[in-house]
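*Asks:* Okay, here's the structure, questions in a sec.
Just so it is clear, none of the values below were taken in a lab; they were calculated from the coordinates. In this text the structure is predicted, and so the values were computed from the model without any measurement. Note that each Cβ is placed from the backbone with ideal geometry, even for glycine, and that neighbours are counted across all protein chains shown.
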Amino acid sequence: MKYDVLIVGAGQGGASAAIQLRQQGFTGSVGMIGRESEPPYERPPLSKEYLLGEKTFERLYIRPPEFWPGKEVELHLNAEVVAVDAKAQTVNLGDGRTVGYGAMIWATGGDPRRISIAGADLAGVHAVRTREDADAILGELDGVERVVVIGGGYIGLEAAAVLRKLGREVTLLEVLPRVLARVAGPKLSAFYEAEHRAHGVDLRTGTGIESILGEGKVSGVKLADGSEIACQMVIVGIGIVPAVGPLLAAGAAGGNGVDVDELCHTSLPGVYAIGDCAAHANRFAEGAIVRLESVQNANDQAATAVKAIMGGSDPYRATPWFWSNQYDLKLQTVGLSTGYDAEIIRGDTASRSFSVIYLREGRIIAVDAVNAIKDYVQARKLIEERAVIAPADLADASRPLKELDRL
């Protein structure tokens, strides 16, 4: 079995690559390998609308299941690549099969980072990454009154918001001094901490965890100071580990993910990588090597890789954007705030509609917009232009961003 293009990973990036191959007129054979039993589906709603019951799983499909055979994309589900032979241009699957490729797109994303403490393997300890994860949480909720969420990033905060809406008592623990510390400034962190506490979340920052307690099943969490919190469920949201082991073992350059160039090509001939697992030099991070965990990045890198396979040479230059829904708050981020040296509040945080503008050496590099869609939309051009605007003008929410004078 051999494909002209083999896609490893049946998530957002892999699905987008397959779709774009056909949209761009690629007529060769296309195969897609996915570890789960489901055809490609959207993952972001798992920690939001799906847990809340606002969306059925069928509504999460990126395309209806019948789409893939209709486009002559052969899906191999419940399958995992365990080894890559870059010279022979083959991959070995866990069930013993060997699959050949002309070009390969690696779009495996990552696995939830496990917490290395005693009790982490108890029943009732969950991640939120796959449908199986979300279904396991939903299947246990009827017997759960109190949940401890470990991790104050987007996944942890979204899970906490959903669980409060579902009427559970929630304690959120973050070891760093503030939530969202890796992706936002102190002003946005403080706002979200206050919001979650106002909604009844017992949110504790700077809090270490010694162990998860229980005999076979979770009964509580023991903190570093020796105190204990009783609970019947623990959700761990402390990031992902890029799923690139077979590529690195085959000789691909990388470490925290697999390294790719501006065409998403790895150091292995004919092998591309996209999405959460692809480490690349990003112009919005001053050329620093980063991994971006977002739907936007997966889709845009898929487009870059597909064009390269078809003989093009359009480098990846997409503007990063992200979003998070918590309670009635819609956070939309454009740009990367990495390395900012100033942050400006635009609007009144008490109104729950405002933006945080991040500057580096006076230039706008990122905007976090909370219930402020106009700022989010208009900020994109300013970030792409690396615009310099007087801070007092940026802080004046009565004036649209697009009408402000550049310096």
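*Asks:* Can you go through ILE274, ILE344 and tell me which one is touching a residue at least 40 places away in the same chain (Cβ under 8 Å) and under 22 Å from VAL367 (Cα atoms)?
*Replies:* On the way: ILE274 fails: under 22 Å from VAL367 (Cα atoms).
Answer to the check: ILE344.
*Asks:* Across the range 382-404, what is the number of residues that are surrounded by 19 or more Cβ atoms within 10 Å (Cβ to Cβ), among the β-branched types (Val, Ile, Thr) and over 12 Å from VAL334 (Cβ atoms)?
*Replies:* 1
*Asks:* Is it the case that some residue within the range 49-64 is touching a helix residue (DSSP H, G or I) at 6+ places or on another chain (Cβ under 6 Å), basic (Lys, Arg) and closer than 30 Å to LEU166 by Cβ?
*Replies:* Yes - at least one qualifying residue is present in the range 49-64.
*Asks:* Okay, moving on. What's the total number of residues in the range 221-245 that are touching a residue at least 24 places away in the same chain (Cβ under 8 Å) and either under 26 Å from GLY167 (Cβ atoms) or not in a strand (DSSP E or B) (or both)?
*Replies:* Number of matching residues: 15.
*Asks:* Separate question: Kindly list, by first and then second residue, each pair from a residue in the range 124-148 that is at negative phi and buried (at least 17 other Cβ atoms within 10 Å of the Cβ) to a residue that is of a type in the set (Lys, Arg) and part of a loop (DSSP other than H, G, I, E, B), limited to pairs with Cβ atoms under 6 Å and residues at least 6 apart or on different chains.
*Replies:* Going by the 6 Å Cβ cut-off, the qualifying pairs are VAL147/ARG168.
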